Amino acid sequence: MKRFLLGFALALFVACGDDESSFAPRDDEPTSSSSAPVEDLSSSSVRSSSSVASSSSVRSSSSVPVEDLSSSSSVKSSSSIASSSSAKSSSSSAKSSSSSLESSSSEAYQHWFPLNGDLKDKYATFVDSRNGREYYYILMESNGKSLKVMAENLNIGEMVWGFKDQKDDSKIERYCYDDDTTKCDRYGALYQWAEMMQLPSECNTKSCADQIKPNHQGICPDGWRLLTYDDFKFIINSNGNTHGVEGTRSTFGFGGYNTTGFSLVGAGSNWDYNFTSLNSATYWHYPEESSQYTNEGSFYSSQGTNSTKNPRLETMKTHGFSVRCVMVENQAE
């Protein structure tokens, strides 16, 4: 009988010591999961693109030296920042400037295009506290009046594919030429009208004229506002410029004189969801709508060796254009 009980106990012990893998994992053990599906960018739904914060951080630089901005010494690494998102309702007139931002450590920060060395005392820099990006701005003067305006295109937001609309109203979105973030770093980002205005994305297809404000900030940093038609007329005639629109262009790759110091670059556009005109044209939306069509806004175009004599044209709000900002406390009148 003792031998029987001993054998039974030994068999029970062996059964209890079976491989633990036969048991369900504990709650604190990791379990494998399949990766999220990746969108097939070769599908027919993809459109070809082959042709295609605070102003208190402004530093005065009446003595700021203008360096060779293409040198490697001017490269600054951009910090990785993720700002908190604040959703915007469809009835809201603006998206929060503290929305979710993309700042990739792989995007080297650099002032790419040379400024006008003859106007070095008129340049200064400020830092957009939302993503740590530094911009040059310049003092424009004409007939006893002045204006302080960015000498580089704005670059902020999360990149979306060029064949898509910028329609996530909870964050700032941007296009980068050819879907290449290094192009955003070099030329600035491209924005649809409603995105630039920080209005609901539906404003690209309907009138939102009642939501356009004087000194409309849009996606500009605090203390800055969007460039207007009157601002650009002032710029063309500023700082002794006698070359018309060519006097606003960078002398690097854009056939200009840069007499004003405005330093326009050929940033191209996302036109009808196709990237086009890099190094040969620049465009931006004004903070105003078309006088006839709710899905159109007014814009500026400078292309090739020709100048647009009328700096106010009209086109689709869904085109992706560059953005420049003007300091609020210094307005052309």
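The values are calculated or read from the model by the stated rules, or taken from the named source; none is laboratory data. These numbers come from a predicted model, not from an experiment. In this analysis, Cβ positions are derived from the backbone assuming ideal geometry, glycine residues included, and neighbour counts consider all displayed protein chains.
With the checklist (1) closer than 17 Å to Trp193 by Cβ; (2) in contact with a strand residue (DSSP E or B) (Cβ under 8 Å, 6 or more places away or on another chain); (3) surrounded by fewer than 18 Cβ atoms within 10 Å (Cβ to Cβ); (4) not basic (Lys, Arg) in hand, flag the one item Tyr257 doesn't pass.
(1)
Just checking: which of the strands (runs of 3 or more DSSP E) contained wholly in region 221-298 hold 1 or more residues that are among the charged types (D, E, K, R)?
The qualifying strands (runs of 3 or more DSSP E) are 224-226, 281-289.
Among the residues of region 162-209, what is the count of those that are farther than 22 Å from Trp112 by Cα, out of contact with any His (no Cβ under 6 Å at 6 or more places or on another chain) and not β-branched (Val, Ile, Thr)?
Residues that pass the stated criteria total 26.
So which residues in region 151-175 are more than 14 Å from the chain's Cα centre (by Cα) and under 16 Å from Gly188 (Cβ atoms), if there are any at all?
Correct list: Ala151 only.
Considering region 241-276 alone, what residues qualify as being at pLDDT 90 or above and closer than 14 Å to Asn153 by Cβ?
The answer is Thr248, Arg249, Ser250, Phe262, Ser263, Leu264, Val265, Gly266, Ala267, Gly268, Ser269, Asn270.
Conditions (1) surrounded by fewer than 19 Cβ atoms within 10 Å (Cβ to Cβ); (2) of a type in the set (A, V, I, L, M, F, W, C); (3) closer than 18 Å to Asn153 by Cα; (4) at pLDDT below 90, marked per residue:
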{"site": "Pro287", "(1), (2), (3), (4)": "no, no, yes, no"}
{"site": "Asn295", "(1), (2), (3), (4)": "yes, no, no, yes"}
{"site": "Ser302", "(1), (2), (3), (4)": "no, no, yes, yes"}
{"site": "Asn306", "(1), (2), (3), (4)": "yes, no, no, yes"}
{"site": "Asn310", "(1), (2), (3), (4)": "yes, no, no, yes"}
{"site": "Leu313", "(1), (2), (3), (4)": "yes, yes, no, yes"}
{"site": "Gly320", "(1), (2), (3), (4)": "no, no, yes, no"}
{"site": "Cys325", "(1), (2), (3), (4)": "no, yes, yes, no"}
{"site": "Val328", "(1), (2), (3), (4)": "yes, yes, yes, no"}
